[in-house]
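The values are calculated or read from the model by the stated rules, or taken from the named source; none is laboratory data. Keep in mind that what you see is a predicted model, and the values were worked out from it rather than measured. All Cβ positions, glycine included, derive from the backbone under ideal geometry; neighbour counts span all protein chains shown. Surface accessibility is based on the protein's heavy atoms, side chains included, excluding ligands, DNA and RNA. Shrake-Rupley method; radii C 1.70, N 1.55, O 1.52, S 1.80 Å.
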Amino acid sequence: MEFDFREVLENIDLLARGAKLTIALWALAFIFGLVAGLPIGLARASTRWFAHGPATAWIEVFRNTPVLVQLVWFYFAFPVLTGMQMPAFVAAALGLALNTSAYCAEIWRGGIQGIVRGQWEAGRALGMTGPTLLRRIILPQAIRRMVPAFTNRAIELAKVTAIASVITVHELMYEARLLSANTFRPLEVFTVIAFVYFVVIYPATLLSYRLERRLAAKG
Amino acid sequence: MSYVWDFSPVFRDAGLLVEGLANTLKLSGLALVGGLVIGLLLALARIWGPRLVAWPAIAIIEFFRNTPPLVHFFWIFYALPIVTGVSLAPLAAAAIALSIQSGAFFAEVYRAGIESIERGQWEAGRALGMRFSALMRRIVLPQALRRMIAPLTERGFELVKTTALAATLAYGELLYQAMVITSRSFRPLELYTTVAVIFFVLLFGASLGIRWLEARVARGQR
């Protein structure tokens, strides 16, 4: 066995292009999932069944099925449901965003329910309506505590983006698989790819450790 | 939207799906046992090993926690045979990849559980003249294990979901069987919906069962 990284280096622009798409996929899915998660989390925290029921179903379905199954399903289902052809990238971004929305909803719910009831009552006593109360009193306190959980979600999502290669999104993992097949150099290609992912994801993990420690210290 | 659902291909090839489910469970079981053992070794090395052992353990744990599982599957299946000279069957490759990957997560659960036991407990045990092994067995582990159950279960669920990645190595688990049937029946929506439902029933059912068990155990302890 000997390492020969020449082919990998010669095709580095291919991998760089893949990495760009990975980052785009990750950012789109995370931002969309984060935002969409809030109303779903609120609905789940609601005591009204017509809000609570669908939100719970949404969350449980996404959390109890494999992401790969979800992506493959969306890849075939989106065109049927919308009647439009959809590029693989859009299907993957949307699928991952919906998946992330379910996980983020639970974080939103936990964070909001973690605020003591007195805060709600005080806001109501001041005559605030629900949305104002949420924006001015609850969320500013809750978000600080939710940051480590959201960071963890972002890290999980970064790893999950590799699965989009299965539905032919030309992101980093897809380019790696292609390169490995074309050059017969799987050892070099997959080793390099693993390190690329590690170098991108590990700093985020270290950051989340720091955030958790800081929050624990503040209490 | 005028899509006409037709589940007849699913029923026609139900036998293949059952076989796929059995393979999913087999891979889950293998990886669960492998992962729990590897995790224990990694945790022991990380907590009590000398530096020469602890650092590689930390490197393995952090590496596998911070890279995509799909990359592990491909590395073990396509690259490891070049290093070792032994080619692997898809099941073996998937089981190894999943064992190490979940082992890295299990190791951190073990470590957090053991380190969560207050120092006073250790000191009290030592003061009573207990050796390390007795202290672990009688004082630390009984308390730590109880705290580990929830995160271990959660990781177990993640593991079962990750087995679907073995489809990319053409291992005949549930998703792969659905892909095979789809390629000749052209009914992707029906087949993948069925696969999703099977996974959901399996995992959601298991989590309801565990919640029920936990409630019973909690009642028994009071």
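The table that follows gives values for the structure above.
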{"quantity": "Accessible surface buried once B binds A (1.4 Å probe; total of both sides; Å²)", "calculated": "3400"}
{"quantity": "FRET efficiency, 1/(1 + (r/R0)^6) with R0 51 Å, evaluated for A:Phe195 and A:Thr56 via beta carbons", "calculated": "0.80"}
{"quantity": "Ordering of B:194-206, A:196-208 by packing [mean C-beta count within 10 Å, highest first]", "calculated": "B:194-206, A:196-208"}
{"quantity": "Total charge dipole magnitude, region B:23-172, about the Cα centre, Cβ charges on Lys, Arg, Asp, Glu only, Debye to nearest 20", "calculated": "420"}
{"quantity": "Rounded Å value of the spacing that divides the Cα centres of region B:9-85 and region B:191-208", "calculated": "22"}
{"quantity": "Two-site FRET efficiency, A:Gln119 against B:Leu141, from Cβ-Cβ distance with R₀ of 51 Å, rounded to 0.05", "calculated": "0.80"}
{"quantity": "Positive-pole candidate from A:Ile201, A:Ala122, A:Ile137, dipole of the protein assembly as shown, charges at beta carbon", "calculated": "A:Ala122"}
{"quantity": "Test item: B:69-81 mean partner chain Cβ contacts at 10 Å", "calculated": "6"}
{"quantity": "Point-to-point label distance, B:Ala92-A:Leu9, nm (Cα→Cβ direction, 7 Å offset)", "calculated": "3.4"}
{"quantity": "Dipole in debye (nearest 20) - region A:1-114, about Cα centre, beta carbon charges: Lys, Arg +1; Asp, Glu -1", "calculated": "660"}
{"quantity": "Mean-position separation - Cα centroids, region A:185-216 and region A:1-57, in angstrom", "calculated": "16"}
{"quantity": "Computed helical MRE - 222 nm, the protein assembly as shown, DSSP H runs ≥ 4 contributing -39500 (n - 2.57), nearest 500", "calculated": "-26500 deg cm²/dmol"}
{"quantity": "Which listed pairs, of A:Lys20/B:Lys161; A:Lys20/B:Lys26; A:Lys20/A:Lys218, have C-alpha distances above 32 Å, in listed order", "calculated": "A:Lys20/B:Lys26; A:Lys20/A:Lys218"}
{"quantity": "B:Glu118-B:Val83 pseudo-label distance in nm [points 7 Å out on the Cα-to-Cβ vector]", "calculated": "4.4"}
{"quantity": "Simple label model, 7 Å out from Cα along Cβ direction - B:Val18 to B:Phe132, nm", "calculated": "5.2"}
{"quantity": "Charged-residue dipole, Cβ positions (Lys, Arg, Asp, Glu), chain A about Cα centre, Debye nearest 20", "calculated": "1360"}
{"quantity": "Residue of A:Ala194, A:Ala19, A:Ala142 that the Gaussian network model of chain A assigns the largest fluctuation, springs spanning Cα pairs under 10 Å", "calculated": "A:Ala194"}
{"quantity": "Peptide-level mean, for B:184-193, of C-beta atoms on other protein chains within 10 Å", "calculated": "3"}
{"quantity": "For region B:23-172, with +1 on Lys and Arg beta carbons and -1 on Asp and Glu, the positive-most of B:Ala104, B:Ile82, B:Pro68 along the dipole", "calculated": "B:Ala104"}
{"quantity": "Total formal charge among the other residues, if their Cβ is under 14 angstrom from that of A:Tyr103, Lys/Arg +1 and Asp/Glu -1", "calculated": "+1"}
{"quantity": "Largest-first principal axis extents of the Cα set of region B:23-172 (Å)", "calculated": "56, 32, 22"}
{"quantity": "Most mobile of B:Gly34, B:Gly120, B:Gly103 in a GNM of chain B (Cα contacts under 10 Å)", "calculated": "B:Gly120"}
{"quantity": "Solvent exposure of region B:23-172 as accessible area per residue, Å², 1.4 Å probe", "calculated": "46"}
{"quantity": "For the protein assembly as shown, with +1 on Lys and Arg beta carbons and -1 on Asp and Glu, the positive-most of A:Leu21, B:Ala92, A:Tyr103 along the dipole", "calculated": "A:Tyr103"}
{"quantity": "Net charge of neighbours whose Cβ lies under 14 Å from the Cβ of B:Gln121, counting Lys and Arg as +1 and Asp and Glu as -1", "calculated": "+3"}
{"quantity": "Cβ-defined net charge surrounding B:Phe7, 15 Å radius [Lys, Arg +1; Asp, Glu -1]", "calculated": "-1"}
